[in-house]
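Below is one structure. I have some questions about it.
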Amino acid sequence: MDEEHTRLLAFYERVEKAIRAIDPDHILFLDGNTFGSDFSRFGDPLPNTVYACHDYSAYGFPNPPEKFEGTPEQIKYHQDQFRERTEYMEKINGPVWGEFTC
């Protein structure tokens with residue numbers, strides 16, 4: 001978690017260059033900021049890289065606001081959260097990957 005949204009991105013750029021110097025062919029998988037859910041400050045995608053979204057729903061992590069019962073409002077909220085977390089992948093027309101198969 002990088003509150004400044006700069007250190008993580010700088011690290012990704014450094015590590016991508018270091019890995020590519022040795023292995024230019026393999027796909028890199030990089031998480032978003034803040035538990036893999038925030039891509040709001042990501043710029044152009046790095047070459048041959050997939051960005052991983054970890055969609056921890058507000059109804060499961062870290063502090064659920066209420067019991068999830070599947071009401072239309074809860075479902076909409078959950079869908080909106082997912083759309084927000086995957087907006088970057090839509091923007092770059094890239095794949096979305098996550099531990100819950102976003």
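Name the pairs whose Cβ atoms lie under 9 Å apart, with the first residue in segment 71-88 and surrounded by fewer than 17 Cβ atoms within 10 Å (Cβ to Cβ), the second in a helix (DSSP H, G or I), and 6 or more positions between them or separate chains?
From residues that are surrounded by fewer than 17 Cβ atoms within 10 Å (Cβ to Cβ), the pairs are R83/E90.
Starting from segment 1-14, keep only residues that are within 19 Å of L28 (Cα to Cα), then list their pairs with residues that are among the aliphatic types (A, V, I, L, M) and part of a loop (DSSP other than H, G, I, E, B) whose Cβ atoms are within a distance under 9 Å, requiring at least 6 positions of separation or different chains.
So the pair list comes out as L8/M1; Y12/L46; E13/L46.
Just name the residue that is farthest from T49 (Cα to Cα) out of those in segment 68-99 that are assigned to a loop (DSSP other than H, G, I, E, B) and in contact with a Gly (Cβ under 9 Å, 6 or more places away or on another chain).
Across segment 68-99, the extreme among qualifying residues is F68.
While we're on this one: Which residue is farthest from the chain's Cα centre (by Cα), if the candidates are limited to segment 23-37 and must be under 19 Å from P95 (Cβ atoms) and part of a loop (DSSP other than H, G, I, E, B)? Talk me through it step by step, then tell me what you get.
Here is the first cut: in segment 23-37, the ones under 19 Å from P95 (Cβ atoms) are 25-33, 36-37.
Okay, now just the ones that are also part of a loop (DSSP other than H, G, I, E, B), so 25-27, 32, 37.
On the way: D25: 22, H26: 20, I27: 16, G32: 4, S37: 4 Å.
Only one residue fits best here, namely D25.
I would also like to ask the following. Can you work out which of the residues in segment 28-48 that are among the hydroxyl-bearing types (S, T, Y) and in contact with a Phe, Trp or Tyr (Cβ under 8 Å, 6 or more places away or on another chain) is surrounded by the most Cβ atoms within 10 Å (Cβ to Cβ)? Steps first, answer last, please.
Taking segment 28-48 as the starting set, the residues that turn out to be among the hydroxyl-bearing types (S, T, Y) are 34, 37, 40.
Now drop any that are not in contact with a Phe, Trp or Tyr (Cβ under 8 Å, 6 or more places away or on another chain), which leaves 37, 40.
Details: S37: 21, S40: 13.
My answer is S37.
Could you list, in sequence order, all residues of segment 50-73 that are at pLDDT 75 or above and within 17 Å of R85 (Cβ to Cβ)?
Listed by number, the residues that qualify are V50, Y51, A52, C53, H54.
The values are calculated or read from the model by the stated rules, or taken from the named source; none is laboratory data. Note that the coordinates shown come from a computational prediction; the quantities given were computed from them, not determined experimentally. Neighbour counts run over all protein chains shown; Cβ positions are idealised from the backbone, glycine included.
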